[in-house]
1. Would you confirm whether or not segment 84-96 contains a residue that is of a type in the set (A, V, I, L, M, F, W, C), in contact with a Ser or Thr (Cβ under 8 Å, 6 or more places away or on another chain), more than 9 Å from the ligand (Cβ to nearest atom) and farther than 28 Å from Trp118 by Cα?
2. Within 22 Å of Phe325 (Cα to Cα) and of a type in the set (Gly, Ala, Ser): does that describe Ser210?
3. Would you mind finding the one in Asp234, Asp216 that is at pLDDT 95 or above and either of a type outside the set (Gly, Ala, Ser) or within 12 Å of the ligand (Cβ to nearest atom) (or both)?
4. Can you name the residue in segment 118-157 that is loosely packed, with under 15 Cβ neighbours inside 10 Å and at positive phi and, of all such residues, is nearest to the chain's Cα centre (by Cα)?
5. Since Asn45 meets every condition but one in (1) under 22 Å from the mean Cα position of the chain (by Cα); (2) surrounded by fewer than 21 Cβ atoms within 10 Å (Cβ to Cβ); (3) outside any strand (DSSP E or B); (4) within 11 Å of the ligand (Cβ to nearest atom), which condition does it not meet?
6. Which pairs turn up if I take residues in segment 67-85 that are on the phi > 0 side of the Ramachandran plot and part of a loop (DSSP other than H, G, I, E, B) and look for partners that are aliphatic (A, V, I, L, M) and away from the ligand (no atom under 14 Å from the Cβ) with beta carbon separation below 9 Å, at least 6 apart in sequence or on another chain?
7. Out of (1) within 30 Å of Lys4 (Cβ to Cβ); (2) out of contact with any Gly (no Cβ under 7 Å at 6 or more places or on another chain), the odd one out for Leu224 is which?
8. Looking for whichever is within 14 Å of the ligand (Cβ to nearest atom), among the acidic types (Asp, Glu) and in a helix (DSSP H, G or I) here; the options are Asp222, Asp268, Asp258, Asp165. Which one fits?
Amino acid sequence: MRKKILITGGAGFIGSHVVREFVTKYPEYNIINLDALTYAGNLENLKDIEDNANYTFLKADITDAEHILSIFKEYQPDGVIHLAAESHVDRSITNPTAFVMTNVIGTVNLLNAAKEIWKDNYEGKRFHHVSTDEVYGTLGEIGLFTENTAYDPHSPYSASKASSDHFVRAYHDTYGLPVVITNCSNNYGPNHFPEKLIPLCIYNILNNKSLPIYGDGKFTRDWLFVIDHARAIDMVYHQGRNGDSYNVGGFNELQNIDLVKELCKQVDEKLGRPVGTASELITFVKDRPGHDLRYAIDATKINKELGYQPSVTFEEGLSRTIDWFLSNQEWLNNVTSGDYQKYYETQYNK
Ligand code: NAD
C-alpha cells in the first residue's frame, strides 16, 4: 500500500515547497495537503503539481478538532508533517490569541487525532513538527543555538511555537507518539509572502516605496533558502531519530541592513540601472517591541547525523529569489491587493 502523508499548511510559503518536494520525489506516496487557506495560503503556489495523481488538497482548519479527527479517520495517514501556523511576528503582537488557537490548540488537535487513529501501534508512523529557532530567544554577539539551548521565547509568535514544541515532546514522552521536531532559521525564496523582509523589500523597490528597516538595522538573522529547508524536512522525516529535535540553518548570519543593501544592489543590477538607486529607499522605522537582537543556528547535529548541507549560497539563493519575483509580478500583485494593503498601511504608516 502507498504511504499516505498529510502535510498541514501546504499552501503557505514553506509548506508549498515541502509538498512539491514530496509529490515529485516520491510518486509512490500519496500526499494530502491540508490547509485553511488563510491570507497566507495560496493554491497558486502549487499550480504546477495540482494535477499530479499522488496529490490531494483538503480545505480544513486545524483549530476544528472534530473535523480534523474525521479527516484522519477517513484518510488514515501514516505520517504527518505539520507546518500550518500563524507565522508573522508583527501580527502576533496585534492578535496573540489567533496564534494560541492555531499554533497551540491546532497542534494539540493534530496530535490527538494522530494518537487516536494510530492507537498505540506506532510501527511505520511519524509526526514531524516544523518549528522555528525563535523559540530559543536571543543571542548576544557570540554563540549559537544548539538543540540543548533552553527555550526563552519573547514574542507571542515564538511563545506559541515554543508551547507547541513542548506539547509535541510531551506526546512523545507521555504516550510514546513517534515524533521529530525541526527548528529552522529564517527562510527566504519564491512564494514568500510580502509581509516578510526580503519579499517586502523587492515589492517596495518595484513600486518605488520606502524600505522599512527596524531600529538601527543591526538585528542579525541566519538565512536559509526555502528549498534547502524542504530538503532538510525530507531528511529528518525519513531518517531523524524518534523523539529528537534537529536545528536547521544555513551558517549564514547577516545583519538586516547588510542583507537589504545586497538585495538593493542585486535588484539594481538585474534591472540594468545604477547601483545605489534602490538603496535610496531605505528608511529606518521604530523598532518592534520584544525584538530579539540575534539568532544563529548551530546545525552540526543534522550535518553529522544525516549528512545535511544547504545546496546554495546566500548570494545564489537571493539571486534566484529576486529572479522569481521579477518574473512573477502578477503573483505579487495578487497577494498584495485587498486586505494586505490595509494591513500594510496600519503597520508601516503609523
Ligand atoms: P505561512 O504563513 O506562509 O503559511 C502558513 C500556512 O498555514 C498557510 O498556508 C495558511 O493558510 C495555513 N494555516 C494557517 N492557519 C491555519 C489553520 N488554522 N488551519 C489550517 N491551516 C492554517 O508560513 P511559513 O513561513 O510557510 O511557515 C510554515 C511553518 O514553518 C510554520 O510552522 C512556521 O512557524 C515554521 N517556520 C517558518 C520559518 C520562516 O522563516 N518562514 C522559519 C522556521 C520555521
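The values are calculated or read from the model by the stated rules, or taken from the named source; none is laboratory data. Note that the coordinates shown come from a computational prediction; the quantities given were computed from them, not determined experimentally. Glycine also receives a Cβ, built like all others from the backbone with ideal geometry; neighbour counts cover every protein chain displayed.
1. Looking for residues that are of a type in the set (A, V, I, L, M, F, W, C), in contact with a Ser or Thr (Cβ under 8 Å, 6 or more places away or on another chain), more than 9 Å from the ligand (Cβ to nearest atom) and farther than 28 Å from Trp118 by Cα, one finds at least one in segment 84-96, hence yes.
2. yes
3. Going through Asp234, Asp216 in turn, just one is at pLDDT 95 or above and either of a type outside the set (Gly, Ala, Ser) or within 12 Å of the ligand (Cβ to nearest atom) (or both): Asp234.
4. Per the stated criteria, the residue is Gly143.
5. Answer for Asn45: the failing condition is (2).
6. Hits for this filter: Gln76/Ile117.
7. All conditions pass for Leu224, except number (2).
8. Values: Asp222 fails: in a helix (DSSP H, G or I); Asp268 fails: within 14 Å of the ligand (Cβ to nearest atom); Asp258 fails: within 14 Å of the ligand (Cβ to nearest atom).
Exactly one residue qualifies, and that residue is Asp165.
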